[in-house]
Every structure is written in structure tokens, then in C-alpha cells.
1. Checking B:Val78 against (1) at positive phi; (2) out of contact with any Leu (no Cβ under 9 Å at 6 or more places or on another chain): exactly one of these is not met. Which one?
2. Closer than 30 Å to B:Gly131 by Cα, free of Cβ contacts under 8 Å to residues at least 12 places away in the same chain and open to solvent by less than 50 Å² (accessible area, probe 1.4 Å), is that true of A:His61?
3. Within the range A:25-49, can you find the residues that are of a type in the set (Val, Ile, Thr) and either within 18 Å of the chain's Cα centre (by Cα) or open to solvent by less than 10 Å² (accessible area, probe 1.4 Å) (or both)?
4. Which of the residues spanning the range A:118-143 are β-branched (Val, Ile, Thr) and buried (at least 21 other Cβ atoms within 10 Å of the Cβ)?
5. Are there any strands (runs of 3 or more DSSP E) wholly within the range A:51-133 with 2 or more residues that are more than 30 Å from A:Ile30 (Cβ to Cβ) and of a type in the set (Gly, Ala, Ser), and if so which?
6. When residues of the range A:149-188 are filtered for being facing another protein chain (nearest Cβ under 7 Å) and open to solvent by less than 70 Å² (accessible area, probe 1.4 Å), how many remain?
7. Please go through (1) within 30 Å of B:Leu9 (Cα to Cα); (2) more than 7 Å from chain B (Cβ to nearest Cβ) for A:Leu98 and return the number of the only condition it doesn't satisfy.
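The values are calculated or read from the model by the stated rules, or taken from the named source; none is laboratory data. Not measured: the values here are computed from a predicted model. Glycine also receives a Cβ, built like all others from the backbone with ideal geometry; neighbour counts cover every protein chain displayed. Protein only, heavy atoms only, side chains kept; ligands, DNA and RNA dropped before computing areas. Shrake-Rupley method; radii C 1.70, N 1.55, O 1.52, S 1.80 Å.
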Protein chains: 2
Amino acid sequence: MSEATKEGLNGVDVPTLFATLDAVKANPEIAKFQFRVANQWVSGTHNRGTINGYYGAGQEHQRSGDFTFDADHPPVLVGNDNGPTPAEHLLHALGACLTSGLANIAAARGIELGEVTSTVEGDINLLGILGLDPSVRNGYEAVRVVFHVKGEAEAEKLAALVDQSRARSAVYDVMTNGVPVSIEVETN
Amino acid sequence: MSEATKEGLNGVDVPTLFATLDAVKANPEIAKFQFRVANQWVSGTHNRGTINGYYGAGQEHQRSGDFTFDADHPPVLVGNDNGPTPAEHLLHALGACLTSGLANIAAARGIELGEVTSTVEGDINLLGILGLDPSVRNGYEAVRVVFHVKGEAEAEKLAALVDQSRARSAVYDVMTNGVPVSIEVETN
């Protein structure tokens, strides 16, 4: 379905959104999802992630085509800028998650959105990943998000959309609370 | 510089990599980086992240062009598949970070890589983000990475590359340990 044929407030099909909630209430098992990415090394710090199939709502799903995303380091970090750094992809995931949620919540609350933009920035001291200072962590030391929300509601109600999106964001939860990650290796 | 003109083991310019380490040792201030993403809501759960400028090595940097990445929900989650879900972008960031690091570490250790692929999968129960069960978290409950590493070294040494990459991965650190995230809102 193209966006041009989408109906409903903010491009959200609100009746289907509520119907989906009802369907999950009636059968909580369909809420179990598994998402996946396959990564292939290209050269140096350049590699490519491919995203397509996932499990959810009781079955496997396949998109009409693969989504592929390159990652690399910039020249100042001895890469070739074939894509953003992985650490920038991480910030993108956060901004995207908060924005997708915000649009759904606004539609559910009957608030028409105008422009919604945000910036996500993260401070990182590379002494950590370079192994040069054990007191410096590998990851971001702090991440800041600034939302600019325009819409047909008073400021308090627009700000509350961001609050609720944060309160229900999968990526915000993982980035602030962490998640267990297991890593296995198969060789040659 | 195109990849075709890159030199060095695994496409990594090892002398420059070590020179960069020496430069940072001599002036640790240049290790302070800031990465940024700008996100723009498009319609419904569809939004677009733009990545370009960053601060690092004592100055602002701008790439030759923007990197843009769409995110959306799939139809089963009332979206239109205009891009992967934000939660899938998150998995991509992890796979990419571990792979970029692995290639650098292999080059520094003099190990020639063959094929390096990995899969990253995450289990998520949407009862959390749908607000239907307060005992279920919003984010992934578990993430699993499986690496397949081929290269000119014994299995133990190839597996050790993944271990060291994990030990120095910015995204792995954030995803397993969390990071403080602040969110501000400006309205209308």
C-alpha cells in the first residue's frame, strides 16, 4: 500500500491500530516477535547489513525486497565513509523509534501533527574503544535528543506525546537499560 | 579514496591505523567525538534519519553527501514497510560495530580474513510497547549474535578476533550496559 492511499490522522490507520490492540488482547501470543539482521563484511571497516524476514503475529513474514545498509568508519578513523559509523546507526534507531511511536500516539489521541523533527547526538571518547584508557567506556557517555513538534494541540499536549513515546519505546528501553547479548563464533 | 585504491591487509591501512593510535596517545583530546542524526517524520510510522556532520579529532567534519535511512513499521504493525523497524536498525548497528572492529583487529594482528558474516536476532514481546502487560519490557528481551569467520589462522585465533571486537565495541557497550539519554521537546 503506498502512502498516497493511506488514510487516517497523521497517515495512521487508527481503526486498524485499535483493532490490532484488540487482537493482541484476545491472543497475547501474537505479540511475540523476532527481528533479524544479516551482516556481511566488505573490506576494512566497511560492511553491509541486510534486513528482511521477521517472525511475528504467529508467522514468518518476508518483505517485497531486502533493505540494505552500509556502515563504515570515516577517513579520520581509517575508514572510507562508505556509510555512517555503526555508532551513528545506533542514534538513528533511537530517533526513528521515538518518532514512529509519537505519530501513533498522536493519532490515537486525535492530535493532528504538523512537522516533527528531532536531533540525536552522542558524545563518545574514543580512548575507550582504542584501548588507551581503561577508565573510559567504549560506548557513548551521554546521548541527547531534542524534538521539535508542531501540531494542532497546546504545547503541553504535544510535549506529552514525546513523553509517552519515550515511555513505550523499544530502542529507548534497550539503550537506557541494556539487554543481554550473546555472541557465538563459527570459524572456517 | 575508493576501495580499489585501498592498501593493506583486509583493506585496512594498518600503518595509518597505528599512526592514528600514536597520535591519540600524544594528544588524548582528539579522541573526543560527537556523532549526530537528524530525523524527520514523513507520515504514520514512516520517518527518515539523515547522517552527515560530526565532531572529532579536534574539528567538525562533513561528508561529501548525506546518508539517509528510512524507518517504518510493517503492515502487521499498521505501517507500510517503507524501511525496517527502528528495532531492526538497532540490530544492524550492533552487527556493523562488531564487524568493523573485527576487521581492524585482524589487520593489526596480521590475520588475513576470508569471508566474515554474522546474524543478529532479537526477541521482543510487543505486549510491552503496546502497554498491555506491565511485566513485559518495551525492548528486546534477548539478542543473539552468531559470527561466521573464515581466515588464514587457526580457529582459536579467529574466535579471539570476535572476543576482542566485543571487548572494544561502542554499540555492544551501549546495548548491554545502557547510556544516559536526555530528551527535550520544543513545540509549535
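1. Of the numbered conditions (1) at positive phi; (2) out of contact with any Leu (no Cβ under 9 Å at 6 or more places or on another chain), the odd one out for B:Val78 is (2).
2. Values: closer than 30 Å to B:Gly131 by Cα: yes; free of Cβ contacts under 8 Å to residues at least 12 places away in the same chain: yes; open to solvent by less than 50 Å² (accessible area, probe 1.4 Å): yes.
When the stated conditions are applied, A:His61 passes them.
3. Filtering the range A:25-49 down to residues of a type in the set (Val, Ile, Thr) leaves A:30, A:37, A:42, A:45.
Across the range A:25-49, the qualifying residues are A:Val37, A:Thr45.
4. Looking only at the range A:118-143, we keep the residues that are β-branched (Val, Ile, Thr), and these are A:119-120, A:124, A:129, A:136, A:143.
Correct list: A:Val120, A:Ile124, A:Ile129, A:Val143.
5. Numbers: elements: A:54-56, A:59-61, A:67-71, A:113-125.
Counting at least 2 such residues, we get A:113-125.
6. Taking the range A:149-188 first, the residues facing another protein chain (nearest Cβ under 7 Å) are A:149-150, A:155, A:158-159, A:162, A:166, A:168-188.
Pick out the ones that are also open to solvent by less than 70 Å² (accessible area, probe 1.4 Å) and you get A:149, A:155, A:158-159, A:162, A:169-176, A:178-179, A:181-183, A:185, A:187.
Matching residues across the range A:149-188 total 20.
7. The single condition A:Leu98 does not satisfy is (1).
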